[in-house]
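One structure is given below, encoded as structure tokens.
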Amino acid sequence: MRGIIKFIEGLSEGIGGLAALVVIPLVLASCYEVFARYVFGAPTIWAFELGYILMGIHFLLGGAITLKREAHVRIDLIYAQLSAGRRAVIDLVLYTGLVLPALTLIFLRLADYAGEAYRSGETTGQSAWNPPIWPLRMIIAFSFLLLTLQVVAEILKCIAILRDRGAAAERT
């Protein structure tokens, strides 16, 4: 079980690190657009669209690493006061009963949505550049798959906490 957790969390960390690097071309494209628009008086046809695509990629691929690092916004007035075992029970119930099924359904629908865009040759339709939309939709689907895998890792960690707590209680 610990090996599965380590693998999933390594994947989340690695892809999260790559997602952080997406900021570099985002900044470069934005700076180039400003320079081209105000110095040359010739705005690009691609910079705005590339900017929101890269920002979306950055945001979505960061979801799994954010969950791993427990960095999502949480109102924890009561939750923080609970023991690790009770928090594990709450997390286990919510992750297995609500979050995992929802993310699985979202991923499956997004994968179909990306496939439909690929088969139809759909484009963004937002600018004169007008690139195909399926690569972005595949990344969106992949980001939800990665988040789903991280939820599985969180479930396994909850089970480990409860198992270790149970083993400790038996020893006393």
So how much accessible area does residue 7 have, in Å² to the nearest 10, using a 1.4 Å probe?
-> 140 Å²
Using a 1.4 Å probe, what is the accessible area per residue for the chain, in Å²?
-> 63 Å²
Helix-derived [θ] at 222 nm for the chain: sum -39500 (n - 2.57) over DSSP H runs of at least 4, divide by residue count, nearest 500?
-> -25000 deg cm²/dmol
So, in Å, what gap is there between the alpha-carbon centers of the range 46-65 and the range 7-29?
-> 10 Å
In degrees, nearest 10, the alpha-carbon axis of helix 84-94 is tilted away from the dominant principal axis of the alpha carbons of the chain by 50 degrees
Helix 23-38 vs. the chain, principal-axis angle (Cα, 0 to 90°, nearest 10) | 30 degrees
Entry for percent of Cα pairs over 30 Å apart (calculated from the structure that is shown) out of [x] 27; [y] 17; [z] 35 = [z]
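Share of the range 39-172's accessible area from carbon and sulfur, percent, 1.4 Å? Don't jump to the answer; show the numbers that get you there.
Values: 5530 of 8330 Å².
With neighbouring chains kept in place, the figure for the range 39-172 is 66 percent.
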Nearest 10 degrees, 0 to 90: helix 100-120 Cα axis against the chain principal axis = 20 degrees
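The values are calculated or read from the model by the stated rules, or taken from the named source; none is laboratory data. The shown structure was predicted, so the numbers you read here are calculated from the model rather than taken from an experiment. We work out accessible area using only protein heavy atoms, side chains counted, and drop any ligands, DNA or RNA first. Shrake-Rupley method; radii C 1.70, N 1.55, O 1.52, S 1.80 Å.
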